[in-house]
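Undergrad: Below is a structure I'd like to ask you about.
The values are calculated or read from the model by the stated rules, or taken from the named source; none is laboratory data. Predicted model only: the values in this text are computed from it and were never measured. Cβ coordinates were reconstructed from backbone atoms using ideal geometry, including for glycine residues, and neighbour counts include every protein chain displayed.
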Amino acid sequence: MTVSKDAASAAVALGQFVDGAPTPYHAVDSALGLLRDAGFVEVIEGQRWPSKPGRYVMTRGGSLVAWSTEHLSDSGAVQQWPAQASFSVVGAHTDSPNLRLKPKADYRSAGWDMLGVEVYGGPLLTTWLDRDLGLAGRVAVRDASVPGGYAVRLFRCDEPLLRVANLAIHLDRSSGAGGAELNRQSHLAPLWGFSGGMSFPRWVSEQVDCIPEDVLSFEAMAYDLLPASLLGHSRELLASPRLDNLCTTFAATEAMKQAVLTPSEEGPARVAGSGQGPRIPVLVLFDHEEIGSETSSGARSQLLASVLERIVLSCGGDRADVLASFSSGLHVSGDMAHAIHPNYADRSEPHNYPVTGGGPVLKVNAQGRYATDTGGAAAFGVACERGGITPQVYVHRTDLPCGSTVGPASAANLGMTTVDVGAAMLSMHSVREVMAARDVEPYTRALAAVLGAEVSAPGLVA
């Protein structure tokens with residue numbers, strides 16, 4: 001089937017976004033740029049926030065929260081929190097499984113220059129072997145001119161720099177039957193030379209234009225240099241690194257831009273229907289989902305709850321308004337979903353599986369690994385209907401352990417109705433994953449419908 005022009009354009013834009021975001025910090029930087037282009041103004045978390053209606057965004061490391069209150073008042077500051085006002089939240093995560101350098105990374109082994117790495121999250125390790133890898137991250141650089149005495153700078157090296165070399169089949173005949181078993185400490189260190197002519201502290205200081213002594217700390221991550229690409233006989237597939245979960249990060253950011261368009265720009269209505277107060281669209285991009293979210297910028301932190309509370313307080317509300325807005329709000333947690341695999345069809349639940357190219361996916365799990373409940377599923381279904389979309393359903397096989405997302409963590413923190421959704425893909429957690437190119441656009445459209453104020457809160461079911 002030929003991919004439509006709009007679908008192909010959305011897939012190409014996603015590929016460009018992923019190519020520009022080798023780390024969570026670059027993903028946030030890219031999302032911040034897209035939001036600024038849409039009129040969002042960055043606010044500093046450690047300062048008082050404006051009460052004037054507008055479009056705002058704040059960042060914390062590899063996480064970002066954006067919101068719009070511009071529809072709460074025609075002019076001036078919001079003096080009183082509107083009755084029955086609540087939030088429509090779309091969330092995603094910015095991190096992906098990868099290899100991250102240790103603080104003391106340099107060492108020599110058998111005449112080779114090596115860099116020690118830790119495994120972040122749960123990558124398919126064999127997919128990292130024998131690939132040209134770049135290196136990107138952030139560096140804290142000594143700077144007496146700024147508060148705290150240091151500045152954080154991003155860096156990325158898009159040239160072939162690292163390689164995790166495989167063991168030849170002649171040295172381990174078992175590797176021909178599926179690969180030698182990889183020891184995470186011994187077998188995953190990338191080589192980056194053999195002459196001994198470069199130390200990592202010197203190299204990274206050159207990336208951020210300082211002397212080695214001024215590098216106070218760093219976080220550096222390897223990434224596959226092969227760019228995203230459309231493939232297949234009809235170019236209907238998108239192959240790319242980090243689709244889990246930069247696909248949702250991109251789609252959610254684009255959805256937020258669509259949700260705040262003025263009516264004259266054909267954006268969705270910003271005032272809810274009869275009996276509903278105004279809904280404030282919120283975008284949240286969490287870091288550290290792949291390692292459990294228990295960090296200051298993860299979904300188990302108070303990041304989102306504190307931002308939502310500050311929004312209410314800055315708009316004239318009180319603590320009672322905060323709690324009421326949580327109870328009537330809706331949070332759609334977006335993460336990728338497992339499509340049925342043509343070579344491993346038996347690994348899917350036989351009656352509740354999504355297919356590539358079939359549109360957005362509703363994710364359900366009786367053990368609470370996904371946060372979807374009756375109200376949340378209904379609200380997402382209504383949003384999809386208004387966007388002209390029919391969602392698919394994903395349930396994990398009952399005899400296999402199911403992964404989780406930011407949804408349950410955020411739902412527990414907020415007490416807000418939450419639903420887990422995604423887009424179907426293959427090869428999740430591989431260094432290079434694949435999805436249908438035509439799924440990006442309807443996924444974005446569904447998330448935009450959620451953020452649009454026409455989507456009513458599910459409320460509490462008696």
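Undergrad: Which ones in region 1-17 are outside any helix (DSSP H, G or I) and surrounded by fewer than 19 Cβ atoms within 10 Å (Cβ to Cβ)?
TA: From region 1-17, those outside any helix (DSSP H, G or I) are 1-4; that's our starting set.
Correct list: 1, 2, 4.
Undergrad: Is at least one residue of region 319-326 touching a strand residue (DSSP E or B) at 6+ places or on another chain (Cβ under 7 Å) and either farther than 30 Å from residue 400 by Cα or part of a loop (DSSP other than H, G, I, E, B) (or both)? Even if it seems obvious, please write down each step before you answer.
TA: So in region 319-326, the residues touching a strand residue (DSSP E or B) at 6+ places or on another chain (Cβ under 7 Å) come out as 325.
In the following step, the residues that additionally are either farther than 30 Å from residue 400 by Cα or part of a loop (DSSP other than H, G, I, E, B) (or both) were identified as 325.
Taking every residue of region 319-326 in turn, at least one turns out to be touching a strand residue (DSSP E or B) at 6+ places or on another chain (Cβ under 7 Å) and either farther than 30 Å from residue 400 by Cα or part of a loop (DSSP other than H, G, I, E, B) (or both).
Undergrad: Let me ask something else about it. Just checking, which of 252, 228, 165, 220 is over 25 Å from residue 337 (Cα atoms), at pLDDT 95 or above, of a type in the set (A, V, I, L, M, F, W, C) and crowded, with 19+ Cβ neighbours inside 10 Å? If you could, list the steps in order and put the result at the bottom.
TA: On the way: 252 fails: over 25 Å from residue 337 (Cα atoms); 228 fails: over 25 Å from residue 337 (Cα atoms); 165 fails: crowded, with 19+ Cβ neighbours inside 10 Å.
From the options 252, 228, 165, 220, the qualifying one is 220.
Undergrad: For region 371-396, what are the residues that are more than 11 Å from residue 418 (Cβ to Cβ) and part of a helix (DSSP H, G or I)? Working first, answer last.
TA: Going through region 371-396, the residues more than 11 Å from residue 418 (Cβ to Cβ) turn out to be 374, 378, 381-396.
Result: 374, 378, 381, 382, 383, 384, 385, 386.
Undergrad: Mind checking which residues of region 327-349 are in a loop (DSSP other than H, G, I, E, B), of a type in the set (S, T, N, Q) and within 23 Å of residue 67 (Cα to Cα)?
TA: Of all residues in region 327-349, those in a loop (DSSP other than H, G, I, E, B) come to 328-329, 335-336, 339-344, 348-349.
Pick out the ones that are also of a type in the set (S, T, N, Q) and you get 328, 343, 348.
Correct list: 328 only.
Undergrad: Filter region 39-61 for residues that are assigned to a loop (DSSP other than H, G, I, E, B) and touching a strand residue (DSSP E or B) at 6+ places or on another chain (Cβ under 8 Å); which is modelled with the lowest pLDDT?
TA: Of the residues in region 39-61, the ones assigned to a loop (DSSP other than H, G, I, E, B) are 39-40, 43-54, 61.
Restricting the remaining residues to those that are touching a strand residue (DSSP E or B) at 6+ places or on another chain (Cβ under 8 Å) gives 39-40, 43-45, 49-50, 54.
Details: 39: 95, 40: 97, 43: 97, 44: 95, 45: 94, 49: 91, 50: 88, 54: 92.
Across region 39-61, the extreme among qualifying residues is 50.
Undergrad: Next question. Looking at region 179-200, is at least one residue assigned by TED's automatic domain parsing to the domain that holds residue 166, more than 30 Å from the chain's Cα centre (by Cα) and in a helix (DSSP H, G or I)?
TA: no
Undergrad: Within region 21-38, is there a residue that is outside any helix (DSSP H, G or I), assigned by TED's automatic domain parsing to the domain that holds residue 250, surrounded by fewer than 20 Cβ atoms within 10 Å (Cβ to Cβ) and of a type outside the set (A, V, I, L, M)? Explain how you work it out, then say what you get.
TA: Residues of region 21-38 that are outside any helix (DSSP H, G or I), as a first pass: 21-23, 38.
Checking which are assigned by TED's automatic domain parsing to the domain that holds residue 250 leaves us with 21-23, 38.
If we keep only those that are surrounded by fewer than 20 Cβ atoms within 10 Å (Cβ to Cβ) too, we end up with 38.
If we keep only those that are of a type outside the set (A, V, I, L, M) as well, we get none.
No, region 21-38 contains no residue that is outside any helix (DSSP H, G or I), assigned by TED's automatic domain parsing to the domain that holds residue 250, surrounded by fewer than 20 Cβ atoms within 10 Å (Cβ to Cβ) and of a type outside the set (A, V, I, L, M).
Undergrad: Identify, please: which residue in region 397-418 is aliphatic (A, V, I, L, M) and in a helix (DSSP H, G or I) and is, among those, nearest to residue 86 (Cα to Cα)? Before the answer, list the steps.
TA: Narrowing region 397-418 to residues aliphatic (A, V, I, L, M): 400, 406, 409, 411-412, 414, 416.
Now restrict to residues that are in a helix (DSSP H, G or I): 406, 409, 411-412, 414.
Working: 406: 20, 409: 20, 411: 15, 412: 18, 414: 13 Å.
For region 397-418, the residue satisfying everything is 414.
Undergrad: Also: Restricting to region 128-162, name every residue that is outside any strand (DSSP E or B), of a type outside the set (Gly, Ala, Ser) and surrounded by fewer than 16 Cβ atoms within 10 Å (Cβ to Cβ).
TA: Just the residues of region 128-162 that are outside any strand (DSSP E or B), to begin with: 128, 130-132, 143-149.
Remaining after also requiring of a type outside the set (Gly, Ala, Ser): 128, 130-132, 143, 146-147.
Correct list: 130, 132, 146, 147.
Undergrad: Then there's this: Are any of the residues in region 53-72 of a type in the set (Val, Ile, Thr) and within 25 Å of residue 432 (Cβ to Cβ)? Let's see the steps before the verdict.
TA: Pass one, region 53-72, residues of a type in the set (Val, Ile, Thr): 57, 59, 65, 69.
Filter again for within 25 Å of residue 432 (Cβ to Cβ), leaving none.
Taking every residue of region 53-72 in turn, none turns out to be of a type in the set (Val, Ile, Thr) and within 25 Å of residue 432 (Cβ to Cβ).
Undergrad: Residue check: is residue 313 in contact (Cβ under 8 Å) with a residue 24 or more places away in the chain and of a type in the set (A, V, I, L, M)? Walk me through how you get there before you give the answer.
TA: Numbers: in contact (Cβ under 8 Å) with a residue 24 or more places away in the chain: no; of a type in the set (A, V, I, L, M): yes.
No, not satisfied.
Undergrad: May I ask you to verify whether residue 73 is crowded, with 23+ Cβ neighbours inside 10 Å and assigned by TED's automatic domain parsing to the domain that holds residue 331? Quick ask: steps written out before the conclusion?
TA: Working: crowded, with 23+ Cβ neighbours inside 10 Å: no; assigned by TED's automatic domain parsing to the domain that holds residue 331: yes.
Taking the combined requirement at face value, the residue does not satisfy it.
Undergrad: Identify the single condition in (1) within 30 Å of residue 98 (Cα to Cα); (2) at pLDDT 95 or above; (3) surrounded by fewer than 20 Cβ atoms within 10 Å (Cβ to Cβ) that residue 309 does not satisfy, given that it satisfies every other one.
TA: (1)
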